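Have a look at the structure below before the remarks.
The values are calculated or read from the model by the stated rules, or taken from the named source; none is laboratory data. Quick caveat: nothing in here was measured; it's all calculated off a predicted structure. Glycine also receives a Cβ, built like all others from the backbone with ideal geometry; neighbour counts cover every protein chain displayed. Note: areas computed on protein heavy atoms with side chains; ligands, DNA, RNA excluded. Shrake-Rupley method; radii C 1.70, N 1.55, O 1.52, S 1.80 Å.
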Amino acid sequence: MSARSTIVPIAVCCAALALAACSSEGSAAGGGSRKPSASPSSGSAEPYGDKTPEEIQRLAYEETRTATFKKVRGQMAGDGASGLLELSFANVDCAGTFNIESRGRTQVHATPKVIYVKRDADAWRAVFNGTKAQEDVVVERMADRWIKMGADVPDAKGISNGCGLMNPSILLEDDGPEITRGGTATVEGQPAIMLTYPGADGGTATDYIAAQGRPYLLRRTETGKSPSDITYYDFETVTQLRPPADSEVVATEGL
């Protein structure tokens, strides 16, 4: 089987989110043990009143990165495509779905050693490079079925790049921008403070940081040529993600 970069659906997600840092190294950054964190109200009646906006952001991103379980959902647009994502992270495992406009639906379950992928027919046609007859065979055999590959092969690394969202710092530019503390907001019933700073392509990025409880990043929005809206939620509610059963995985030999 020949593939025209089987990373296409995930690469589109990364580009649309301006994830220039989207890489296997970034994906691995989600590991590590939990560390004690500061309370939003420490040192002041105002949440994070004793910290600069930059310190608040660093605290929130690290707290979010090291959460042993969390979910992410969002929407993005860029490179002529738009899409939706839903991901769950349990320790170093990642599972979820990418829906890319005109490029189909891709499901992934990624562990440090193994990547499982399930694509619908549109997603397979978007990534497959071969004759129409070959494409039809692959779609008939593989569409909406799980396949399995080692995490160290190039295609698997590309597919799992979207799991880099385990570490929200992947959403940031390399150079730390000047951050302005704004007002307050509510994210799915949780009070939050707002931090704003320049985003990519001339847009504006806004972080919504939990104002009560652990200082998680609850939401991040960005305007501009590649707008995005990402929400982190359901922290520390599940302990593991189950991979597909062997009976659900189709063999790829001979294709």
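Computed values, structure above
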| quantity | calculated |
| --- | --- |
| Segment residue 58-residue 252, length gained on full extension (0.36 nm per residue, minus Cα span) | 65.5 nm |
| Summed side-chain charge close to residue 150 - residues other than residue 150 whose Cβ falls under 12 Å, Lys, Arg +1, Asp, Glu -1 | +1 |
| Relative contact order [Cα under 8 Å, 6+ residues apart], region 63-182, whole percent | 18 percent |
| Cross-link pairs beyond the 31 Å C-alpha cut-off, checked among 51/71; 70/148; 132/157; 51/157; 113/225; 148/225 | 51/157; 113/225; 148/225 |
| Two-site FRET efficiency, residue 188 against residue 97, from Cβ-Cβ distance with R₀ of 22 Å, rounded to 0.05 | 0.65 |
| Derived scalar couplings ³J(HN,Hα) [region 215-227; Karplus, 6.51 cos²θ - 1.76 cosθ + 1.60; whole Hz; x for Gly, Pro] | x, 6, 6, 8, 7, 9, 10, 8, 9, x, 5, 10, x |
| Region 45-100, accessible surface, carbon-and-sulfur percent (1.4 angstrom probe) | 46 percent |
| Around residue 232: net Lys/Arg minus Asp/Glu count, Cβ-Cβ under 11 Å | +2 |
| For region 57-214: accessible area per residue (Å², 1.4 Å) | 44 Å² |
| Positive minus negative residues near residue 77 (Lys, Arg vs Asp, Glu; Cβ under 12 Å) | -4 |
| Residue-by-residue Karplus 3J(HN,Hα) for region 94-100, coefficients 6.51, -1.76, 1.60, Hz, glycine and proline x | 9, 8, x, 9, 10, 10, 10 |
| Residues in region 204-234 that a label on residue 45 would reach, taking backbone N under 20 Å of a point 7 Å out along Cα→Cβ | 211-213 |
